[in-house]
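Here is the structure we will look at.
The values are calculated or read from the model by the stated rules, or taken from the named source; none is laboratory data. Since the structure is predicted, the reported quantities are computational estimates derived from the model, not experimental observations. Note: ideal-geometry Cβ built from the backbone for every residue, glycine included; neighbour counts use all protein chains shown.
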Amino acid sequence: MKKFIKLLIVFFSILLGLAYLMDYIITTGLKKTDLRLFQSWNDIYSSNIRSDAIIVGSSRAWCQYSPRILDSVLNISTYNIGIDGHAIDYQILKYNTYRRFTPSPPRYIIQNIDIFSPSITTGHYEREQFFPYISDDSLINQVSKIKNISFFDRYLPIFRYWGYRKYVEDGISSFFGKKIFFDGGMFKGYRGNNYKWGRKELDKIKSIQFSYELKADSVFEEYLSQAKREKIQIVFVYAPIYINGIKKIENLSEMYNYFKTKANQYNIPILNFTCDSISMDSSNFYNAIHLNRKGAELFSKKLAKNLDSLGIKIKLKGE
């Protein structure tokens with residue numbers, strides 16, 4: 001019996017060791033990929049972001065604001081940390097994580113604002129983006145409840161990757177030197193999407209109501225206050241929305257008033273492209289609220305010129 005128990009202990013020790021090794025390979029590999037879910041997080045955790053301006057927002061940030069264009073026009077360094085499908089609380093969580101791993105604050109924050117911003121994130125959407133950083137308690141403690149990251153996910157090797165075969169394969173491939181990217185890869189957190197216009201989702205929507213949640217408003221206030229204390233200039237930007245989508249927002253003026261109040265309180269300029277000429281042409285969009293690559297790069301050029309008119313470039317050059 002003792003011999004059997006010893007063999008059993010040896011067997012499970014080897015099994016556990018292999019699990020830790022596989023976990024290390026997958027995690028290390030994902031930290032080297034250029035996939036959308038991980039690229040900007042990887043740069044954050046590697047302390048590789050040294051930028052004058054940080055772009056913050058949801059999918060309406062990461063796939064619409066091109067740092068390459070902004071950099072070239074403004075002669076500054078920008079980085080896009082937009083987080084797909086997440087409201088203002090997770091946008092700020094990602095920004096705060098970036099700040100923990102960056103020695104000095106940015107000079108500017110370009111904050112995308114829209115009808116979806118001032119709410120609290122719910123659901124498990126894209127929870128796997130947090131898996132490679134499971135050892136960062138400061139992050140995981142904040143996301144574990146909403147993203148259903150359990151004790152076993154955190155402390156049992158490889159357990160969290162169960163059911164995510166694609167990312168397991170990508171992580172292993174990347175670890176052994178294969179370059180993993182999609183659709184041309186990411187550039188400083190941005191990738192334009194080459195999707196064609198589709199209106200099916202828009203046709204399903206009868207109307208949209210703007211509202212804000214008190215908890216989200218409190219998180220937003222603290223974020224704006226902190227930026228003011230640190231003398232970081234925030235710029236609010238409304239990215240374009242397709243014109244037929246705008247028509248379905250019943251209380252657009254309430255959204256404008258909400259963000260105008262914040263802007264006045266914290267001395268924040270607002271650049272509004274909601275009803276820009278870009279919004280009139282469906283060929284610039286792949287759905288009512290997301291620009292395709294063509295539209296995103298047209299928007300980024302217009303945005304750069306408007307930021308230039310605010311003196312962003314001049315201020316940086318003169319300092």
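A few remarks follow.
- Candidate set: region 293-309, residues that are surrounded by fewer than 21 Cβ atoms within 10 Å (Cβ to Cβ) and of a type in the set (S, T, N, Q); chosen: the one modelled with the lowest pLDDT: Ser309
- Elements of type helices (runs of 4 or more DSSP H) contained in region 231-319, each with 1 or more residues being within 22 Å of Phe187 (Cα to Cα), within 23 Å of the chain's Cα centre (by Cα) and among the aromatic types (Phe, Trp, Tyr): 293-309
- Evaluation of Gly245 against the conditions (1) within 19 Å of Ser58 (Cα to Cα); (2) at pLDDT 95 or above shows that the sole unmet condition is (2).
- Pairs linking a residue in region 196-215 that is closer than 11 Å to Ser119 by Cβ to a residue that is part of a strand (DSSP E or B), with Cβ atoms under 7 Å and 6 or more positions apart or on different chains, are Phe210/Ile249.
- Restricting Ile268, Ile278, Ile312 to residues that are modelled with pLDDT of 95 or more and either touching a Ser or Thr at 6+ places or on another chain (Cβ under 8 Å) or farther than 19 Å from Ser59 by Cα (or both) narrows the list to Ile268.
Matching residues to (1) at pLDDT 95 or above; (2) surrounded by 18 or more Cβ atoms within 10 Å (Cβ to Cβ):
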{"site": "Lys196", "(1), (2)": "no, no"}
{"site": "Glu201", "(1), (2)": "no, no"}
{"site": "Ser211", "(1), (2)": "no, no"}
{"site": "Gln226", "(1), (2)": "yes, no"}
{"site": "Met255", "(1), (2)": "no, yes"}
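- Applying the criterion of at least 2 residues that are touching a Ser or Thr at 6+ places or on another chain (Cβ under 6 Å) and farther than 23 Å from Val56 by Cα to the helices (runs of 4 or more DSSP H) found wholly in region 114-205 leaves 165-175.
- As for region 278-291, it holds at least one residue that is more than 19 Å from Ser117 (Cα to Cα), among the β-branched types (Val, Ile, Thr), buried (at least 17 other Cβ atoms within 10 Å of the Cβ) and touching a helix residue (DSSP H, G or I) at 6+ places or on another chain (Cβ under 6 Å).
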